[in-house]
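Shown next, in structure tokens, is the structure this report addresses.
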Amino acid sequence: MCVFTHITAGAIIGVYSPNPAAAAALGLGSHVVLDVLPHHDIDNVAVEISLAVAVVVALALGGAITATVIVGMIFAILPDLENLLWKLGKIPENKKFFPGHRGIISHGRVLDSSNLIIQFVFAIFTVSYLLWRR
Ligand SMILES: [Zn+2]
């Protein structure tokens, strides 16, 4: 799943987590669930990072950032750090660690770019909700 989708999921998980440990565990778990679903990934690292930063900036400017939201977001995207390092040529594919990236947990079927509409709608709806409810 795209990084902006993972980070948005981590934010809403963080809002409803009772403590940072729960936000971390659920954020990490959300990464597995979202990667198992059929989806389209953006290959351009700069676009991926820009969209994720846009989510964080929107939440920060709207005052929707809390400790558990930060922890949820970090752990929701943490596994994709190895994907970033792989895309940048810093590690080979066989050095990936996360089960969803190694093939131990099967990755969702690759969809065409029209799937991005669903991911954008999810992110916009979720960020709007988080800004509205604060
Ligand atoms: Zn991933």
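The values are calculated or read from the model by the stated rules, or taken from the named source; none is laboratory data. Bear in mind the structure is a predicted one, so any value in this text is a computation, not a measurement. FYI the Cβ positions are ideal-geometry reconstructions off the backbone, even for glycines, and counts take in every protein chain you see. Note: accessible area is taken over every heavy atom of the protein model, side chains too, but ligands, DNA and RNA are not part of it. Shrake-Rupley method; radii C 1.70, N 1.55, O 1.52, S 1.80 Å.
List of remarks:
- Each residue in the range 49-65 was checked for being part of a helix (DSSP H, G or I), more than 14 Å from the chain's Cα centre (by Cα) and not aliphatic (A, V, I, L, M), and 0 of them qualify.
- Verdict on Phe97 being assigned to a loop (DSSP other than H, G, I, E, B) and either within 15 Å of the ligand (Cβ to nearest atom) or open to solvent by 40 Å² or more (accessible area, probe 1.4 Å) (or both): yes
- The range 1-29 residues that are in a helix (DSSP H, G or I) and more than 16 Å from the ligand (Cβ to nearest atom), paired with ones that are among the hydroxyl-bearing types (Ser, Thr, Tyr) and open to solvent by 50 Å² or more (accessible area, probe 1.4 Å) (beta carbon under 8 Å, 6 or more apart): Ile12/Tyr129; Gly14/Thr66; Val15/Thr66
- Single match in Asp41, Asp35 (criterion: at pLDDT below 95, more than 17 Å from Arg134 (Cα to Cα) and open to solvent by 40 Å² or more (accessible area, probe 1.4 Å)): Asp41
- Residue check, Val32 hydrophobic (A, V, I, L, M, F, W, C), within 16 Å of the ligand (Cβ to nearest atom) and not in a loop (DSSP other than H, G, I, E, B): yes
- Selected residue (criterion: nearest to the ligand (Cβ to nearest atom)) from residues of the range 35-48 that are of a type in the set (A, V, I, L, M) and assigned to a helix (DSSP H, G or I): Val36
- In the range 76-94, the residues that are loosely packed, with under 15 Cβ neighbours inside 10 Å and either of a type outside the set (Lys, Arg) or within 12 Å of the ligand (Cβ to nearest atom) (or both): Leu81, Leu85, Lys87, Leu88, Gly89, Pro92, Glu93, Asn94
- Test: Val71 is crowded, with 18+ Cβ neighbours inside 10 Å and more than 16 Å from the ligand (Cβ to nearest atom): yes
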